[in-house]
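The values are calculated or read from the model by the stated rules, or taken from the named source; none is laboratory data. The structure presented is a predicted model; accordingly, all values stated were derived computationally and were not measured. Glycine gets a Cβ as well: all are built from the backbone with ideal geometry, and neighbour counts include every protein chain shown. These area figures cover heavy atoms from the full protein model, side chains too; ligands, DNA and RNA do not enter into them. Shrake-Rupley method; radii C 1.70, N 1.55, O 1.52, S 1.80 Å.
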Amino acid sequence: MLTGKCALVTGSTSGIGLAMAKALAGAGADVMLNGFGDKDEIEATRKSLETEFGVTAHYNGADLSKPDQIEAMMKDAAAKFGGGADILINNAGIQYTALIEDFPPEKWDAIIAINLTSAFHTTRFALPNMKKKNWGRIINTASAHGLVASVQKAAYVAAKHGIMGLTKVTALETAESGITANSICPGWVRTELVERQIEAKAKEGGISVEQAATNLVSDKHPSKQFVTPEQIGQTALFLCSDAASQMTGTHMSVDGGWTAQ
Ligand code: NAD
């Protein structure tokens, strides 16, 4: 379905991003991974995508809090992908929790830079090539927190509401260009980002990690089940399909019913 297409997935060395990269590679797309982690592990992941799916997989380790590194990554993608990525998934993200009055300003700045501003930069560099090709898919990993708020997550909620807005403007500005821009709004997915929150809650409440995980998911998801990274990968794949070519400027919630409440 995606043979001949190439995809840049930010924050794809683990969790949701890696699952999305695998889903796209599984459908035949060449991919560029991005994110932090152990060098050898990243190289093993990159190679395994090539051997498992018979696609070309690249890696660029740009720090997305740094606009100059984002620009260099987009130039690298343009060089490796013959003009640029057909599919851009803005997925890199971090979390920090504290009440507003205790929120370290540098944590606010980092979350806004990585979870929101980086998507502005990647998008502005990716669009000219997509417009030239008359085809493109931009998928922004927002969150249930792009739609509703929770305490102690001021920067994250602000960034995720912001990326929902950026998605809509991107969609309007590309509406006649064969390009779509949409957000995916996952609920709780048990990745490293969430594992840290579960561990903190276990410590805080003097309960087991598994009990803390059950409490966390049951509190927000009527389904009482975590969403899997693979389910988000398949959602991204759907947004790249022809069936979704008239879906633009909107979001897909995959949140066990969280935001229906
Ligand atoms: P994760 O920690 O497994 O993945 C985050 C990825 O971003 C990693 O590849 C990491 O290396 C990368 N990253 C972090 N800082 C970076 C930087 N400065 N430059 C480049 N890459 C950087 O967590 P995840 O849960 O898979 O998160 C992926 C996205 O999904 C995030 O945007 C997150 O907000 C969103 N999300 C997660 C959940 C959840 O429950 N896990 C729910 C909703 C939305």
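What the table below lists for this structure:
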| read-out | value |
| --- | --- |
| Rg(Cα) / (2.2 N^0.38 Å) computed for the range 23-178, rounded to two decimals | 1.10 |
| Surface/4 estimate of mean projected area, convex hull on alpha-carbon atoms of the chain, nm² | 13.6 |
| Sum of -39500 (n - 2.57) over DSSP H runs of 4+, divided by residues of the chain (222 nm, nearest 500) | -15000 deg cm²/dmol |
| FRET efficiency for L193 and E101, using Cβ-Cβ distance with R0 set to 25 Å, rounded to 0.05 | 0.55 |
| Positive-end extreme of charge dipole, the chain - chosen from I139, G178, M74 (charges on Cβ) | G178 |
| Assigned charges on the beta-carbon of Lys, Arg, Asp, Glu; the range 63-144 dipole about Cα centre (debye) | 680 |
| Cβ-defined net charge surrounding S177, 15 Å radius [Lys, Arg +1; Asp, Glu -1] | +2 |
| FRET efficiency, 1/(1 + (r/R0)^6) with R0 35 Å, evaluated for K224 and L172 via beta carbons | 0.40 |
| Positive dipole terminus of the chain, leading residue within Q152, G35, N115 (C-beta point charges) | N115 |
| Nearest-20 debye value, the chain charge dipole, Cβ charges on Lys, Arg, Asp, Glu | 560 |
| Carbon and sulfur %, accessible surface of the chain computed with the full protein complex present, 1.4 Å | 53 |
